[in-house]
Amino acid sequence: MTYTMNNIKILIICALSFAHVVFAQEIIPIETSKNALVLSIGKNQDVSTIYFGQKLGLKAEYAKINSTYKQSNDYTGQLNSVYTPSGSRNLVEPAISVTHADGNKSLDLVYVSHQVEKIDANVSLTTIVLKDPAYNFSVKLFYKSFYKEDLIEQWTEISHSEKGDVMLDKFASANLHLKAQSYYLRQYHGDWAKEMQPEDSKITHGIKTLDSKLGTRANLFQPSVFMVSLNTPATENQGSVLYGAMEWSGNFRVDFELDYQDNLRIIAGMNNYASPYKLKPNEKFITPKFLYTFSDQGKGEASRKLQSWARNYQLLDGKGDRLTLLNNWEATYFDFNEQKLAGLLKDTKALGVDMFLLDDGWFANKYPRNDDHAGLGDWQENKQKLPNGISSLVKVAQKNEVKFGIWIEPEMVNPKSELYEKHQDWIVKQSKRSEYYFRNQLVLDLSNPKVQDFVYGVVDDLFTKNPDLAYIKWDCNAVIYNAYSSHLKDQSAFYIEYVQGLYKVLEKIRAKYPKVPMMLCSGGGGRVDYAALKYFTEFWPSDNTDPMERIFMQWEYSYFYPSIASSNHVTDWGKQPLKFRTDVAMMGKLGFDIVVSKLPENDLKFCQDAIKNYSEVKKTIWQGEQYRLANPTEGSVASMLYVNQDRSSAVSFNYLVNNRYDEGSKFPIRMQGLDGAKIYKLTEINLYPGSSSSIDSSVTYSGDFLMKIGFNPDVKAGRTSVVIKIEELR
Ligand code: DGJ
């Protein structure tokens, strides 16, 4: 019998309907390689979460789990609802609350149907349809599960056919329910140059909320990524831990409610702050995705799963190549001209990187972009600085056999600009209030299709005029003040429509330019999230490039994002030597932002050699499994290891993070992820010219030894940064 793709799909659905018979139509297990999220349909058709954790050998036993708990009474029958409605029986934080067309504020949601679609060998989509018995109001819950990566993306579609508009007052993407003796939250906070500062706490009864109300640059003070450990704080290799993240580049809200039964309810979605959404009859409101993964083997495994999912499914060109580069931001700031840039293009070649990236300051004429007070919005080359335009710079780059990339910040406008003079109605501001600026600029109203066309046009014009342009750095330096769109009739849709407008633009750009690498920058890491990374090949973690700071920051980012996505530049920030700065920047996508022509001979030679070394180990850093071996917050040494897929090579980065007397790597550092049976040769790379290694590379070690006893990189004063290449001896 031959089947078409569709027949196969149908067959799988039928097989699963048979499975419902086996489970008496009560249990919906969503299983991945190691985990299970188990939902059940109760007698009164309520759909609840009965389990989330390690999967069981016998599916039938999931139904027994609940009876093993002797917790206090659930007066609502809804405490573990898969999507808690409000205004009827519920007594806790809802996932959804609405005002019906008739003004009634109550909602109940009961089971209608569900189906499981196998998208391919690794990915399944479970859809559950719920309906309010009293109103024509429905919610579809989607669970997209990635078997190998143990990851679930969850989102919701809300619709109704009432006799008027329904107001959605809260509209989460997901509503999880966890059972443990205690729960420990790792969250992050920050500001400019201080991104990803971790903070740990035990979750207490009541509600803890992580949220953003900034509109754009939404993660500036707090990103949506978090970890929750169950029973005891997870370590790198031990403990049960859930990682969560919103795939949304705007206002988000994640509520953690420890309820009176001692269970943890996690409700994640867009922020409903100032955003009640008017839903017309028969329209669909689709929430962004909330993603989560779970490991009972600690943070390390959870992050490797997440990184691997990102490379396989989400990050643009996650399996592809990346360009090393020389950026001129810190080397010149706004002070450059054609001649200076010609010199920098030569330096790019001399350094040995793939590309030159021209940063801010190249545009605007009536109000030239000579500092950050003017010019944003006027994307024409500044005639004084660049009389022959970008195209001539691209040609000079080609002559130097390097590629050319460019910075833009197309969502923004300076009050001192022609765009501001022409298009007041395109700007987010309130006419009755005085303008309030963030970095001297305002945000353009991306909910307006005309503005979407303008922003798309900025990118499209650049590529049309310069087809050989190889890279875009897309910046976003302002948050939204005085939120108001003169385009929208309904202001409460503004924050949501802004982000949807941004995605429309990015979608259009990617339809025409599917693979051109683009860096997601937001005055640092103010915007990185997995919805944006569908369109971007990399992100800028922070303007803080002090390598000592970066060791800590990149460490925290690495729990959630693969190193291939992390743009790390060698700059003059910090007190560490060039070698230290370069080694740290290598743990990701390497770039430079230094004055190459002023480098002493040995420094230049060091960089050139390091770039060559990087090209040999970069595949392992980008695509390998990452192991955090020594945590800089716990001791004097930081150690990070990347191991390639067949465990034949690895590279380890080691740093002294405490310069007190006699500090160093006193103990061997145990490696992980190697093949115990293989014999490895360890060679120190990135040696500064004239220095020699204290590591004897003629001694070989078994993987077994390296993982049980470990290896001492001999980090100490005078050897504060040590990179070791580990290769299988064949
Ligand atoms: C903020 C970015 O984070 C920097 O790297 C640089 O591009 C400046 N903006 C330019 O204005």
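Overview of values
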read-out: Matching entry among Tyr367, Tyr313, Tyr292, Tyr333 (being within 16 Å of the ligand (Cβ to nearest atom) and at negative phi); value: Tyr367
read-out: Count - residues of the range 191-206 that are in contact with a Leu (Cβ under 9 Å, 6 or more places away or on another chain) and either without any contact (Cβ under 8 Å) to a residue 40 or more places away in the chain or not in a loop (DSSP other than H, G, I, E, B) (or both); value: 6
read-out: Output for the range 519-540, where each listed residue is more than 10 Å from the ligand (Cβ to nearest atom), within 20 Å of Gly215 (Cα to Cα) and not β-branched (Val, Ile, Thr); value: Leu520, Arg527, Asp529, Tyr530, Ala531, Ala532, Leu533, Lys534, Tyr535, Phe536, Phe539
read-out: Selection within the range 234-270 - of a type outside the set (Asp, Glu) and farther than 24 Å from Asn80 by Cβ; value: Thr235, Asn237, Gln238, Trp248, Ser249, Gly250, Asn251
read-out: Filter pass, Lys385 being in a loop (DSSP other than H, G, I, E, B), within 16 Å of the ligand (Cβ to nearest atom) and either among the basic types (Lys, Arg) or out of contact with any Phe, Trp or Tyr (no Cβ under 9 Å at 6 or more places or on another chain) (or both); value: yes
read-out: Residue count, the range 326-345 (criterion: in a helix (DSSP H, G or I) and either touching a strand residue (DSSP E or B) at 6+ places or on another chain (Cβ under 6 Å) or within 12 Å of Val595 (Cα to Cα) (or both)); value: 9
read-out: Options Glu401, Glu418: the member that is away from the ligand (no atom under 16 Å from the Cβ), among the acidic types (Asp, Glu), more than 25 Å from Leu323 (Cα to Cα) and at pLDDT 95 or above; value: Glu418
read-out: Pairs where the first residue, in the range 26-37, is in contact (Cβ under 8 Å) with a residue 24 or more places away in the chain and in a loop (DSSP other than H, G, I, E, B) and the second is surrounded by fewer than 20 Cβ atoms within 10 Å (Cβ to Cβ) and not small (Gly, Ala, Ser), C-beta under 7 Å, 6+ apart; value: Thr32/Tyr147; Ser33/Tyr147; Ser33/Lys148; Lys34/Gln54; Lys34/Lys55
read-out: Residue within the range 476-495 that is away from the ligand (no atom under 16 Å from the Cβ), assigned to a helix (DSSP H, G or I), crowded, with 20+ Cβ neighbours inside 10 Å and within 25 Å of the chain's Cα centre (by Cα) present; value: yes
read-out: Residue count for the range 436-453, restricted to those that are of a type in the set (Lys, Arg) and under 26 Å from the mean Cα position of the chain (by Cα); value: 1
read-out: Residue match in the range 260-271 (condition: among the basic types (Lys, Arg) and surrounded by 22 or more Cβ atoms within 10 Å (Cβ to Cβ)); value: yes
read-out: Any hit, the range 445-453, residues being surrounded by 18 or more Cβ atoms within 10 Å (Cβ to Cβ), more than 23 Å from Lys473 (Cα to Cα) and not hydroxyl-bearing (Ser, Thr, Tyr); value: yes
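Yes or no, residue by residue, for (1) on the phi > 0 side of the Ramachandran plot; (2) touching a helix residue (DSSP H, G or I) at 6+ places or on another chain (Cβ under 7 Å); (3) among the small types (Gly, Ala, Ser):
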position	(1), (2), (3)
Ser86	no, no, yes
Ile119	no, no, no
Tyr135	no, no, no
Glu149	no, yes, no
Ile158	no, no, no
Ser161	no, no, yes
Leu168	no, no, no
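Yes/no per residue for (1) within 16 Å of the ligand (Cβ to nearest atom); (2) among the hydroxyl-bearing types (Ser, Thr, Tyr); (3) in contact (Cβ under 8 Å) with a residue 12 or more places away in the chain; (4) surrounded by 18 or more Cβ atoms within 10 Å (Cβ to Cβ):
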| site | (1), (2), (3), (4) |
| --- | --- |
| Asp371 | yes, no, yes, no |
| Glu409 | yes, no, yes, yes |
| Val413 | yes, no, yes, yes |
| Lys422 | no, no, no, no |
| Lys429 | no, no, yes, yes |
| Ser434 | no, yes, no, no |
| Thr464 | no, yes, no, no |
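Condition check ((1) under 24 Å from the mean Cα position of the chain (by Cα); (2) within 30 Å of Ser485 (Cα to Cα)) across all residues:
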{"site": "Arg253", "(1), (2)": "yes, yes"}
{"site": "Leu258", "(1), (2)": "no, no"}
{"site": "Ile266", "(1), (2)": "yes, no"}
{"site": "Asn271", "(1), (2)": "yes, yes"}
{"site": "Tyr277", "(1), (2)": "no, yes"}
{"site": "Asn282", "(1), (2)": "no, yes"}
{"site": "Lys289", "(1), (2)": "yes, yes"}
{"site": "Thr293", "(1), (2)": "yes, no"}
{"site": "Asp296", "(1), (2)": "yes, no"}
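The values are calculated or read from the model by the stated rules, or taken from the named source; none is laboratory data. Since we're looking at a predicted model, the values are computed, not measured. Reconstructed Cβ throughout: ideal geometry from the backbone, glycine too, with neighbour counts over all protein chains shown.
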